[in-house]
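K.L.:
I'd like to ask you about the structure that follows.
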Amino acid sequence: MATASTGLVALLGDPVSHSVSPAIHAAGIAALGLDLTYLAFRVAPANLHTAVEGLWALGAVGANVTIPHKRAVARLVTERSDAVAATGSANTLVRTATGWRAETTDGEGFLRPLDAASLNGAPAVVLGAGGAARAVVHALATQTGVAAIHVAARRAEQAQSLVHGLAPHIGTVTLTAGSMREAGPAIHPARLLVNATPIGTGDAGATPWADVSLFHPALTVYDLVYRPAETRLLQDARAAGATVIGGLPMLVAQAAASFRLWTGRRLPLDAALAAAEHALAP
Ligand code: NAP
């Protein structure tokens with residue numbers, strides 16, 4: 001039960017009512033008996049600045065920030081993590097003595113379920129070039145030993161822009177960009193294929209990559225989409241013997257990383273996963 005000293009963590013997004021994050025964090029808070037509450041707020045882009053300042057004035061412990069605010073919020077803070085500076089995108093605000101520090105936990109969440117060692121430095125392909133793709137490419141480039149990453153988007157210029165923006169922050173990894181239609185030659189030698197587009201969300205028949213002849217047992221196919229738990233992309237990949245990873249483990253892992261930043265505590269994963277699955281149940 002909330003008291004006069006209960007701490008606040010807010011989720012800012014627009015829309016936000018579909019979010020599973022309140023269920024995940026509420027489960028963690030309850031399991032650990034913390035005097036904290038996690039509340040979602042629908043904030044229009046024009047009001048983001050006021051909301052971020054207002055949360056500071058209210059003494060909030062921290063915040064999650066989701067679509068469409070992940071980039072805008074990175075410009076409204078006093079400190080940024082290296083990953084936020086590189087990607088220009090944040091999903092977490094942490095209170096410091098002097099203001100908000102922006103962090104992004106999407107990269108850490110993405111890497112958690114991935115057996116990076118099994119990739120053996122082989123090339124990776126990322127479909128999509130939005131905020132999640134940026135975090136994925138940065139994490140792969142800086143933390144897995146992958147030697148080359150190809151980014152393919154329906155608008156090739158968006159993939160190009162992602163590559164130009166990240167290139168100064170990722171050392172010697174080779175980044176290339178192109179259109180999704182022409183991604184086949186890049187997927188052929190890859191050991192990892194990541195879907196960072198929303199294709200497949202709530203639609204069992206839609207897939208961002210229909211040519212299953214490129215799927216094989218040495219390939220890992222990772223779909224960031226978590227609703228449904230197993231998309232057509234993953235079904236096709238599994239049928240071809242590929243290793244498959246869905247978006248739910250990443251969702252819980254990025255939440256766990258944010259939770260740790262606010263509370264210094266480990267999110268109880270079983271409780272969090274059960275809460276997420278319950279919230280996502282049709
Ligand atoms: P975003 O910034 O809006 O970017 C989406 C990307 O997908 C853009 O490149 C966009 O291209 C492209 N795209 C959208 N619809 C498409 C279509 N029909 N065909 C081809 N390309 C399309 O979104 P985001 O934040 O990166 O999120 C991407 C997906 O990852 C979402 O489904 C989100 O739920 C998921 N996600 C999951 C987690 C997790 O923890 N599992 C975390 C973050 C994100 P245009 O700009 O041309 O539209």
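The values are calculated or read from the model by the stated rules, or taken from the named source; none is laboratory data. These numbers come from a predicted model, not from an experiment. Heads up, the Cβs are rebuilt from the backbone with ideal geometry, glycines too, and the neighbour counts pull from every protein chain shown. The accessibility values were calculated without ligands, DNA or RNA, using every heavy atom of the protein model including side chains. Shrake-Rupley method; radii C 1.70, N 1.55, O 1.52, S 1.80 Å.
K.L.:
Taking only segment 59-69 into account, find how many residues are closer than 15 Å to Ser258 by Cβ, touching a Lys or Arg at 6+ places or on another chain (Cβ under 9 Å) and open to solvent by 10 Å² or more (accessible area, probe 1.4 Å).
P.N.:
Final tally of qualifying residues: 1.
K.L.:
Continuing with the same structure: Select from segment 110-155 the residues that are within 7 Å of the ligand (Cβ to nearest atom), open to solvent by less than 20 Å² (accessible area, probe 1.4 Å) and assigned to a helix (DSSP H, G or I) and list them in ascending order.
P.N.:
Ala133
K.L.:
Just to be sure, is Ile67 closer than 23 Å to Gly109 by Cα and modelled with pLDDT under 95?
P.N.:
Yes; evaluated as a whole, the condition is true for this residue.
K.L.:
From the residues in segment 176-219 that are more than 27 Å from Leu280 (Cβ to Cβ) and surrounded by 18 or more Cβ atoms within 10 Å (Cβ to Cβ), which one is farthest from the ligand (Cβ to nearest atom)?
P.N.:
So the residue we want is Arg191.
K.L.:
While we're here: Output the helices (runs of 4 or more DSSP H) that fall wholly within segment 186-282 and possess 3 or more residues being out of contact with any Phe, Trp or Tyr (no Cβ under 6 Å at 6 or more places or on another chain) and without any contact (Cβ under 8 Å) to a residue 40 or more places away in the chain, or say none.
P.N.:
Passing ranges, in order: 232-239, 269-280.
K.L.:
If I go through segment 30-54 residue by residue, how many of them are within 16 Å of Val16 (Cβ to Cβ) and under 23 Å from the mean Cα position of the chain (by Cα)?
P.N.:
Within segment 30-54, residues that are within 16 Å of Val16 (Cβ to Cβ) and under 23 Å from the mean Cα position of the chain (by Cα) number 12.
K.L.:
Is at least one residue of segment 39-58 under 19 Å from Asp106 (Cα atoms), more than 16 Å from the ligand (Cβ to nearest atom) and in contact with a Lys or Arg (Cβ under 9 Å, 6 or more places away or on another chain)?
P.N.:
Scanning segment 39-58 turns up no residue that is under 19 Å from Asp106 (Cα atoms), more than 16 Å from the ligand (Cβ to nearest atom) and in contact with a Lys or Arg (Cβ under 9 Å, 6 or more places away or on another chain).
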